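Student: Once you've had a glance at the structure underneath, I'll fire off some questions.
Just so it is clear, none of the values below were taken in a lab; they were calculated from the coordinates. Every value quoted in this text rests on a predicted model; they were computed, and no experiment measured them. Don't worry about glycine lacking a Cβ; one is built from the backbone with ideal geometry, like all the others, and counts go over all protein chains shown.
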Amino acid sequence: MSIKPRSKVPYLQISIIVLELTVGLWIFLSGQDGAGELLLAIGAITLLVTLLSLRRNSTTFEHILTLTPRDEREAKKIEWGFALVGKIFLVFFVLFGFGLLALWLVPGIFTSTSYVTPDGTIVDPGPEIPWVVPAALEIILGMYFTAMVTAAIIAASKRD
Amino acid sequence: MQSILRDLRGKANLSQADLADKLGVSRQTINAIETERYSPSLELAIHIARFFNTTVEEVFHVD
């Protein structure tokens, strides 16, 4: 691995965060549930840590969390952290996929609320996705963010 | 891996941060090498040896 000069300003990363904040603000102003607030919160925290990592006496944790390694040691920690997250999520998502497949195969879980119009026509809007599916996906999303931050903490505190 | 990096740095009157700046690594990495918590790559080891005008074998050794 080549040794690169330290403390370069991550313009690409900051641009992506600003873009993410803009999208979050747009969603927030359009009044859609909590997605806008969530994006704004994640973007603000990420931007704060990124700016903290630009300090001269920045910590290894800040550089791992913002994926801006200063040298080979921090790069190795990031690689290790990502490998850990990858292994955990490979197993987790496979199990989750099997779980969804099992749900899909349960007869009658996808209920249909057909109704009769005043003129006697039966209208069947089709099967509805049970509440458990979007709920599980939201839990997955929350676990994903939690796992990313946890992996950064574990990688930063990992022995060299 | 053991090293005499701390001694060399002391003789050169450099702080860990100064040496880190000159080598293009973090201060924490210099500290980790000196406290034997991290074994540097061959490339970094060569950079360190060259910086102190010595050889890798002189700077680093194993029991």
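Student: Once you have the alpha carbon radius of gyration of the range A:12-63, what is it after dividing by 2.2 N^0.38 Å, with N set to its residue count?
Tutor: The reported ratio for this selection is 1.30.
Student: Largest first and in whole Å, give the semi-axes of the range B:2-61's equivalent ellipsoid, each being the square root of 5 times a Cα gyration tensor eigenvalue.
Tutor: Result for the range B:2-61: semi-axes of 14, 13, 11 Å.
Student: Right, another one. Cα atoms only, the range A:72-160: Rg and Dmax in Å?
Tutor: 21.5, 75
Student: Mind checking the dipole of the protein assembly as shown: about its Cα centre, +1 per Lys or Arg Cβ, -1 per Asp or Glu Cβ, Debye to the nearest 20?
Tutor: Roughly 1060 debye, rounded to the nearest 20.
Student: Turning to a different aspect of this structure: Angle check, please: helix A:11-29 long axis (alpha carbons) against the longest principal axis of chain A (alpha carbons), in degrees 0 to 90, nearest 10.
Tutor: The two axes meet at around 30 degrees.
Student: Taking a temperature of 37 °C and a viscosity of 0.692 mPa s, what whole-number D in µm²/s does Stokes-Einstein yield for the range A:16-120 with Rh from Kirkwood over alpha carbon pairs? Let's see the in-between values first.
Tutor: Details: Rh = 18.1 Å.
The Stokes-Einstein estimate is 181 µm²/s.
Student: Something else: More than 26 Å apart: what percent of Cα pairs in the protein assembly as shown qualify?
Tutor: 57
Student: So what's the angle, to the nearest 10 degrees on a 0 to 90 scale, between helix A:132-157 and the longest Cα principal axis of chain A?
Tutor: Roughly 10 degrees, rounded to the nearest 10.
Student: Return one number: the angle in degrees, 0 to 90 and rounded to the nearest 10, between the long axis of the Cα atoms of helix A:72-105 and the longest principal axis of the Cα atoms of chain A.
Tutor: 10
Student: What lysines does B:Lys11 reach when the alpha-carbon gap must be under 22 Å and sequence neighbours fewer than 8 apart in one chain are set aside?
Tutor: Excluding near neighbours in sequence, the set is B:Lys22.
Student: Right, here's the next one. Between B:Ile30, B:Ser41, B:Ser3, whose Cα lies farthest towards the positive end of the dipole of chain B when Lys and Arg beta carbons carry +1 and Asp and Glu beta carbons carry -1, centred on the Cα centre?
Tutor: Of the listed residues, the answer is B:Ile30.
Student: Another question, if that's okay. In whole Å, how far is the Cα centre of the range A:19-52 from that of the range A:110-160?
Tutor: So the two Cα centres are separated by 21 Å.
Student: Using Cα pairs closer than 8 Å and at least 6 residues apart in sequence, work out the relative contact order for the range B:2-61, in percent.
Tutor: It comes to 40 percent, rounded to a whole number.
Student: Further question on the same structure: How do A:93-100, B:32-39, A:22-29 rank on mean C-beta neighbours within 10 Å, highest first?
Tutor: The most tightly packed comes first, giving B:32-39, A:22-29, A:93-100.
Student: Leaving out same-chain residues fewer than 8 places away, which lysines sit with a Cα under 21 Å from that of A:Lys77?
Tutor: Within the straight-line limit of under 21 Å, A:Lys77 reaches these lysines: A:Lys4, A:Lys8, A:Lys87, A:Lys158.
Student: I need to check one value: relative contact order of chain A, counting alpha carbon pairs closer than 8 Å and at least 6 residues apart, in percent.
Tutor: Working: 130 pairs, mean separation 32.7, N = 160.
For chain A, the relative contact order is 20 percent.
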